[in-house]
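A quick write-up on the structure given underneath.
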Amino acid sequence: MTAIPLSIRSTARRNASPIISSGPLQLLATLLAAASLLALTAQVVLPLPFTPVPIVLTCTLAALYGPLLGPKMATLAILTYLAEGALGAPVFSAGGAGLVHLFGPTGGYLAGYLPGALLSYALYYRLGAGSLSLLISLFIGHFPIYLLGSLWLSLFVGFKFTLIAGLIPFLPGNFLVCLLLSSCLPTPRSV
């Protein structure tokens, strides 16, 4: 019997999802539920009159998927959600769909979901499981979303307007949502 090196075993545990078992039907059900939840939260939209970027909970959910689902399942869920929208399913904010939406003013925010989830995952497990770790990792996990979203939006409205309309108004509310989630949710267990 060949022994598995400790580093491979540790990597396998680190990449596992902290909330789901590993049977194929459970994995498929989790993937479909996670992609569907992204689509559902995108339909709860609070439009702001001064920006083409609405307030949606999808950004926070994408960042939460890193620590909650693990990097593999978070990646699959977010890519499934983006593929559904790209293929025409009305899963983006306010029922948006298609490549036009992906390449429109808010497309950069969508592109930031995956790096945001992966950064949030890495930070959460680097800091250690707990409510404060979840708060920090969720909030910082939004940075790639805001960075890619702001850069892409600036191609449509200019950089100065992007800061005013695509970044600054969202930070305080985003922090409050992260604070609420990190204090109310049970923290994902450390794997």
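No value in this document is a laboratory result; all are computed from the given coordinates. Keep in mind that what you see is a predicted model, and the values were worked out from it rather than measured. With ideal geometry, Cβ positions are generated from the backbone for all residues, glycine too; neighbour counts draw on all protein chains shown.
In the chain, which longest range has no chymotrypsin sites (Phe, Trp or Tyr not before Pro) that are both DSSP loop (not H, G, I, E or B) and surrounded by at most 15 other Cβ atoms within 10 Å? Kindly include the intermediate steps, with their values, before the conclusion.
Details: sites that count: PHE50, PHE103.
After excluding every exposed loop site, the longest remaining stretch is 104-191.
Using 7 Å Cα-to-Cβ label points, what is the LEU27/LEU179 separation (nm, one decimal)?
Output for this residue pair reads 4.0 nm.
Given 0.36 nm per residue, what is the gain on full extension from LEU151 to VAL100 after removing their alpha carbon distance, in nm?
Extra length from LEU151 to VAL100 when fully extended: 16.6 nm.
Would you calculate, for the chain, the mean residue ellipticity at 222 nm contributed by helices, counting each DSSP H stretch of 4 or more residues as -39,500 (n - 2.57) and dividing by all residues, to the nearest 500?
Taken over the chain, the calculation gives -20000 deg cm²/dmol.
How big is the shadow of the Cα convex hull of the chain, averaged over all directions, in nm²?
One quarter of the hull surface, i.e. the mean projection, equals 11.8 nm².
For ILE168 and PHE143 in one chain, what is 0.36 nm times their gap in residues minus the Cα-Cα distance, to one decimal in nm?
The ILE168-PHE143 span can extend by a further 7.8 nm.
Identify, among GLY112, SER182, SER93, the residue whose Cα sits farthest towards the positive end of the charge dipole of the chain, taking +1 on the Cβ of Lys and Arg and -1 on the Cβ of Asp and Glu, with the dipole about the Cα centre.
SER182
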